[in-house]
Structures are given as structure tokens and as C-alpha cells.
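Okay, structure first, notes after.
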């Protein structure tokens, strides 16, 4: 007997701002379009909400998932009798207490009477991934239901960071930074989110695209009003829909090549069902996507063989405040703060171009610069 193949669904609704009334109405509409909370998770179950808490940024800076979106999801789950907690692991150079306080999550979790799950304070469980073993925060793997709520942002290393990439935050502490040393190019790094997605399949994914980030994301870009929320039970389909909105080829995202074959429909924009708005209904007139730092013409092994001819290195401008976060975040001890220099000093031979210094800089003082060879290769004009 032949069975009917179900196409993944992505629900999109307009939401002009972060006022609680508008967000609550938008979340309710999204849940109804996906069949209702009761169809997703049973009463009495435990749910872990995983937002994007990259760093100690204020909500309106568009670096983190806005807490009002998470608040509305908490209330929707609690109405269904679900026990909720909120958890994440910010970038390793950030002070944890400051992240939860400045992002608004501490006050929100207290007000909603839900547990703040700081992954750094919990045990981990091993997940083999190629030449590495990923240590995943135990609460993520023991929850009955995972709700993944990414912030829609560009990313200078991976082009885009959405639902699949947001799972990278389930790795507590400094290992996130150290893994960049083992997987330095975007293609190699793509194995990690793909491996996490195979093990952790969120039951619900909701994208905060009311105010997104464009340009040099995930922390050094500019906020842009997109004015919508989107949801799906399929993280890959949600990313595909978001990339369609932003006119990004989803298959260029470095983890897509490592996803299992059953994700084929979710990676096909034409195969996605849209029960509410369609991507074209919320497309911005302009959206700035960063050019890839590592040209696709040059694979990772060749980059290493080219050595001094192929490199990407940070440059620090005069807005540097000498906070030392970049030094702490560097996975290869390639940065130093000295008494004689107003900015961090780079030991070029140690830099693996992980972009962690760019990601954690609160002053937007870091730009990533390419060697002349990569600069030419990116434009398809190799001499």
C-alpha cells in the first residue's frame, strides 16, 4: 500500500513589534496553524526552551532571542500543562550572570516562575562526531520536548544562523571555542550542527524575525526590522523558509551537506507547505548578507596546504576598549594584551580564523580580513 508523503510545514505571521499583546496573538496563531500545543506535546511533559543567548546584550540589540517571544511560548506551553525551563550556554568569554541579567531573561524567568538552566552548571553526555566527542548538556537530552527559538541573524563564517545552528549552544562552556580549532573552515564546522541535529530533534522551532540582524553577524551586524515570526516542527524546513525570505541559497549553509537524506524535502523550498503567509509576503526590500570568508573554490585541506598564502585574520580598529574578551575567547592562544599596545596583538601563525574574537567583541572593533589569495578567489579571479 502506497503512503502519502507529508511535506514539512512552516507557519509565518506578521508581528510588528515586541509588545506582549501582539506577540501572544502571533504565537497563538502559529500554534493553531501547526495543530495546537496539544498535538505537539502532552500535558505533564517537561519542555526545555533553547533561545539564542549569544552574549550580554540588551534585547533591542538583536544579538539574542527577544525574551518577550520566549515569555509568550512559556505561557502557551504552561496552558497545555507542560513544565517549562529555559536553557542555553553563551559564548565562553561572556560573564554568565551578566548575560542572563542584561538580556532580560533573568527577570522574565523569575516573573514566569520557570527554571533558568545554565548549561555550564549541569552534567554533560557524550555525542561522537567524527574525530571529536561533543559534550552535550544533559538537560537537553533528558527533556521530554525541546523548543528551539533562534534569532534570525547573518553570520560572517557560516552566512546564516538559524534553527539548526542554534543547537550549537547546547555544548556548554569553552568547548564551543575549542571545536573551532578542530573544524576551522565553514565546511568542516558544518559537521557539528548537523551531528547535533541528528541527535536532538526539537519538537518545535520558532524564529524571532521581528527585528533580525544583517551584515556582519552574529554580533557585529546591524538590526533590521523584518516584522514576522515563523514556526515549524522541522528545524531544517524553518531554515529553508527563512533563507527563502532573505534570498539565501539554503544549500550553501555548511551543515546542509551533512544532514541525513530524509531532510531532502525540508531543504527544497518548493516542497514546503505554508498554511499562513508565504516567504514572498514578508521579504524585505533589502537585506545585507556577508560575503563568504572562505571561498568555496578552496576546500579546507587545500587551505592548510597553502599555509601562508591562504589566511583570514582579525583586525582591531580604534574603537577597541581593551576588555580582553577576544583574548579569552581565542581557541588557539593567538591574541595577547600587552602594556605597550593599545589593541590586542595577534600571533598570526596561531590564528585559525574561527571568528570567535569578532563574535564576542562588545565594541564591534573586530573585522576579519582575508589574504590576497582568498580575496581574489572569493571573486572567482584566481591569478
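A short reminder: the numbers here are calculations on the coordinates, not readings from a lab. Source: prediction; values computed, not measured. Positions of Cβ are backbone-derived with ideal geometry, glycine not excepted, and every protein chain shown enters the neighbour counts.
Overall, the anisotropy analysis places region 75-155 in the oblate class: the square-rooted eigenvalues a ≥ b ≥ c of its C-alpha gyration tensor yield a/c not less than 1.5, with a/b not exceeding b/c.
In square nanometres, what is the average projected area of the Cα convex hull of the chain? Mind showing how you got there, number by number?
Working: hull surface 79.9 nm².
Mean projected area for the chain: 20.0 nm², to one decimal.
Mean-square fluctuations from a GNM of the chain, with a 10 angstrom spring cutoff on Cα atoms, peak among 85, 319, 103 at 319. Our summary gives region 11-282 a relative contact order of 22 percent, counting only alpha carbon pairs under 8 angstrom and 6 or more residues apart.
For the chain, what is the mean residue ellipticity at 222 nm derived from helices alone (per DSSP H run of n ≥ 4: -39500 (n - 2.57); sum divided by total residues; nearest 500 deg cm²/dmol)? Please report the intermediate quantities before stating the final value.
On the way: 15 runs with 112 residues, N = 383.
When only DSSP H runs of four or more count, the value is -7500 deg cm²/dmol.
Structural descriptor for region 120-173: relative contact order 31 percent, calculated from alpha carbon pairs under 8 angstrom and at least 6 residues apart. In the elastic network of the chain, a GNM with C-alpha springs shorter than 10 Å, the most mobile of 318, 43, 89 is 318. Summary of packing: across the peptides 327-339, 345-357, the per-residue average of other C-beta atoms within 10 Å ranks them, highest first, as 345-357, 327-339.
So, by mean Cβ neighbours within 10 angstrom, what's the order for 262-271, 181-190 with the highest one leading? Before the final figure, lay out each step's value.
Details: 262-271: 15.2, 181-190: 20.3.
Going from most to least packed, we get 181-190, 262-271.
If you take every DSSP beta bridge whose two residues both sit in the chain, what share of them, in percent to the nearest 5, is antiparallel?
Bridges in the chain are about 60 percent antiparallel.
For the chain, a Gaussian network of Cα nodes joined below 10 Å ranks 198, 120, 261 by mean-square fluctuation, and the top entry is 261. The C-alpha atoms of the chain define a longest principal axis, and helix 67-79 lies at about 30 degrees to it.
For the peptides 122-131, 137-146, 240-249, the ranking by packing is 240-249, 137-146, 122-131, with the highest mean count of neighbouring Cβ atoms within 10 Å listed first. Enclosing the Cα atoms of region 229-300 in their convex hull gives a volume equal to 111 cubic angstrom per residue.
Shape analysis of region 6-66 places it in the prolate category; the axes a ≥ b ≥ c from the Cα gyration tensor give an a/c of at least 1.5, with a/b above b/c.
Full extension of the chain segment joining residue 122 with residue 14 gains 35.2 nm, where the gain is 0.36 nm per residue of separation less the Cα-Cα distance. To test your reading of the geometry: what angle, between 0 and 90 degrees and rounded to tens, separates the Cα axis of helix 20-33 from the longest principal axis of the chain? Once rounded, one gets 70 degrees.
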